[in-house]
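For reference, the structure is listed below as structure tokens.
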Amino acid sequence: MLHDIGYTPSLATTGFHPLDGARYLRDRSAADERLVRLVANHSYALLEAEERGLHEELEAEFPILDHAELVDALVYCDMATTPDGTPTTVDARLAEILTRYDRDSIVGRFIRRADEDLRAAVHRVEARLILAERYGRARRSVDDHEDLGPVWSCDQGCDPRCRIQRRPAHNSSPAW
Ligand SMILES: [Fe+2]
């Protein structure tokens, strides 16, 4: 995925892929600033930057985007996908990272420090997805008269509950 573009060997100048990737996108791709800042700070990169002595550099060049839902969404995508693109869980993803890096390495220390924040971001997105699904179902229910049953037979002499009256071009045919 694009957020890990900094792993590309030819772009690796600091060896810290969020910073290398963001600099490439900013300086050589004229990418949208929001995208660049998302890449620079993906999955709590500031914590890893601290481990690498690059915290101030990262923060000064690429402030965290002031859009918490978007920042969480990228964490979710990162934590829900294995390095080869297979869907996974946050538990499996974090465990898998720690099989590739020593616990006391830079990445190992970072992942252990970021564990709680990464899980919390994933859970916030999951909660938003559940709410969105429920909201979508409720909207479809209203739009499709699922909750009104026999009202389908009405022909503008509607049952008082018939919400189809609120549509500008009301007729007796189902909307789909
Ligand atoms: Fe990454």
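Just so you know, in the range 33-85 the residues that are in a loop (DSSP other than H, G, I, E, B) and of a type in the set (D, E) include one that is surrounded by the fewest Cβ atoms within 10 Å (Cβ to Cβ), and it is D84.
Yes or no: P160 part of a helix (DSSP H, G or I), farther than 21 Å from L46 by Cα and at pLDDT below 90? For P160, the condition - part of a helix (DSSP H, G or I), farther than 21 Å from L46 by Cα and at pLDDT below 90 - is not met. Please tell me if E56 is away from the ligand (no atom under 14 Å from the Cβ), at pLDDT 95 or above and closer than 26 Å to R128 by Cα. Judged against the criteria, E56 is not a match. Only a single item in (1) within 14 Å of the ligand (Cβ to nearest atom); (2) among the basic types (K, R); (3) more than 21 Å from G15 (Cα to Cα) is not met by R119, and it is number (1). When the test is whether a residue is more than 14 Å from the ligand (Cβ to nearest atom) and in contact with a strand residue (DSSP E or B) (Cβ under 8 Å, 6 or more places away or on another chain), P87 passes it. When the criteria are applied in full, L47 meets the requirement of being among the hydrophobic types (A, V, I, L, M, F, W, C), closer than 22 Å to T81 by Cα, in contact with an Asp or Glu (Cβ under 9 Å, 6 or more places away or on another chain) and within 13 Å of the ligand (Cβ to nearest atom). The residues on offer are A80, A92, and the sole one that is farther than 28 Å from T13 by Cβ, within 14 Å of the ligand (Cβ to nearest atom), not assigned by TED's automatic domain parsing to the domain that holds Y24 and not basic (K, R) is A80.
Filtering the range 106-153 to residues that are among the aliphatic types (A, V, I, L, M), in contact with an Asp or Glu (Cβ under 6 Å, 6 or more places away or on another chain) and modelled with pLDDT of 85 or more leaves I106, A121, V125. A count restricted to the range 1-35 and to residues that are under 22 Å from A80 (Cβ atoms) and away from the ligand (no atom under 15 Å from the Cβ) stands at 1. Residue count for the range 1-26, restricted to those that are part of a helix (DSSP H, G or I) and either farther than 19 Å from E56 by Cβ or touching a residue at least 60 places away in the same chain (Cβ under 8 Å) (or both): 10.
The values are calculated or read from the model by the stated rules, or taken from the named source; none is laboratory data. Note that the coordinates shown come from a computational prediction; the quantities given were computed from them, not determined experimentally. Every residue, glycine as well, gets a Cβ built from its backbone with ideal geometry; the counts of neighbours run over all protein chains shown.
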